[in-house]
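K.L.:
My questions will all concern the structure given below.
The values are calculated or read from the model by the stated rules, or taken from the named source; none is laboratory data. Just so we're clear, the structure is a prediction, and the values are computed from it rather than from any experiment. Virtual Cβ from ideal backbone geometry, glycine too; neighbours counted across all protein chains shown.
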Amino acid sequence: MELHDFPPMLFIERPLPFDAPGWVWEIKLDGWRMTAMFGDGHCRLRTRNGANATAWFPEVASSLARVPGGPYIVDGEVCVFDDLGRSNFDRLQKRGLRKRWVEGGDHVGYAIFDIMVDHRINVLNLELLQRKAILGELLDPCPDHVLTVGYFDSDVERVFDDAVLGLELEGLVAKKADSRYFPGGRSRDWVKVKRKGAVSAQRSEP
């Protein structure tokens, strides 16, 4: 079992009604997509494009390495968060492109939203909400520099107005509650819903 065998699943971008049945919603983060394999003293981080990022974010790697048991393989985004809790891509890029920790640099957080392997058991075919329950149990409490991404299935329009529009976030990600995980695939079961007028940052992801 190797981390490169589990590339991240990708979403599509299209309109989706806020009241569409059978979907759950997450805040869209603006970071670097990252998978991680960890447990019992070890951790490896891998970018979406396949680079080994373990040494780039030692605060995350050392925290995940202390999680007992495993191995576990998870999916998420490494982000730099501002004082309002918003992910800031420009600050992340400034930190991440150095590919090492630099004194005085921004600390990052690893926001995990899915799990693919639990205690060496492949859980790709479980429904999304089952996988999220496993993830929540595994990371309770969360290690330092690690957080789990919550979801909601009601008041979606209010959250969009208050959080996405109010804080000028990029948008939301909608996921079918019963969706399976297809490593490396682009699934219609994961949908990005952008704020009108939102402009993605100029990206340089390794």
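K.L.:
So how many residues does the range 28-81 have that are buried (at least 24 other Cβ atoms within 10 Å of the Cβ) and touching a His at 6+ places or on another chain (Cβ under 6 Å)?
P.N.:
The total comes to 1.
K.L.:
Return the residue satisfying two criteria in turn: it lies in the range 115-140 and is in a strand (DSSP E or B) and either touching a Lys or Arg at 6+ places or on another chain (Cβ under 6 Å) or of a type in the set (S, T, N, Q) (or both), and of such residues it is surrounded by the most Cβ atoms within 10 Å (Cβ to Cβ).
P.N.:
The residue in question is Ile115.
K.L.:
Looking only at the range 55-109, count every residue that is under 16 Å from the mean Cα position of the chain (by Cα), charged (D, E, K, R) and outside any strand (DSSP E or B) and tell me the total.
P.N.:
Number satisfying all stated conditions: 1.
K.L.:
If you go through the range 85-102 one residue at a time, do you hit one that is in contact with a Leu (Cβ under 9 Å, 6 or more places away or on another chain) and among the basic types (Lys, Arg)?
P.N.:
yes
K.L.:
Show the residue pairs meeting these rules: Cβ distance below 9 Å; 6+ apart or different chains; first residue within the range 133-150 and more than 15 Å from Thr35 (Cα to Cα); second residue part of a loop (DSSP other than H, G, I, E, B) and basic (Lys, Arg).
P.N.:
Every condition considered, the pairs that remain are Pro143/Arg66.
K.L.:
Return the only residue of Asp162, Asp144 being assigned to a helix (DSSP H, G or I), of a type outside the set (A, V, I, L, M, F, W, C) and closer than 24 Å to Leu84 by Cα.
P.N.:
Matching residue, one of Asp162, Asp144: Asp162.
K.L.:
In addition: In the range 93-127, what residues are over 20 Å from Cys43 (Cα atoms) and either modelled with pLDDT of 95 or more or polar (S, T, N, Q) (or both)?
P.N.:
Selection gives Gln93, Leu124, Asn125, Leu126, Glu127.
K.L.:
Further, regarding this structure: Take Leu167 and decide whether it is aliphatic (A, V, I, L, M), exposed (fewer than 14 other Cβ atoms within 10 Å of the Cβ), over 15 Å from the mean Cα position of the chain (by Cα) and over 24 Å from Phe57 (Cα atoms).
P.N.:
Yes: the conditions hold for Leu167.
K.L.:
Identify the residue in the range 2-17 that is within 16 Å of Arg188 (Cα to Cα) and of a type outside the set (A, V, I, L, M) and, among all such residues, is nearest to the chain's Cα centre (by Cα).
P.N.:
If we take residues in the range 2-17 being within 16 Å of Arg188 (Cα to Cα) and of a type outside the set (A, V, I, L, M), then Pro8 is nearest to the chain's Cα centre (by Cα).
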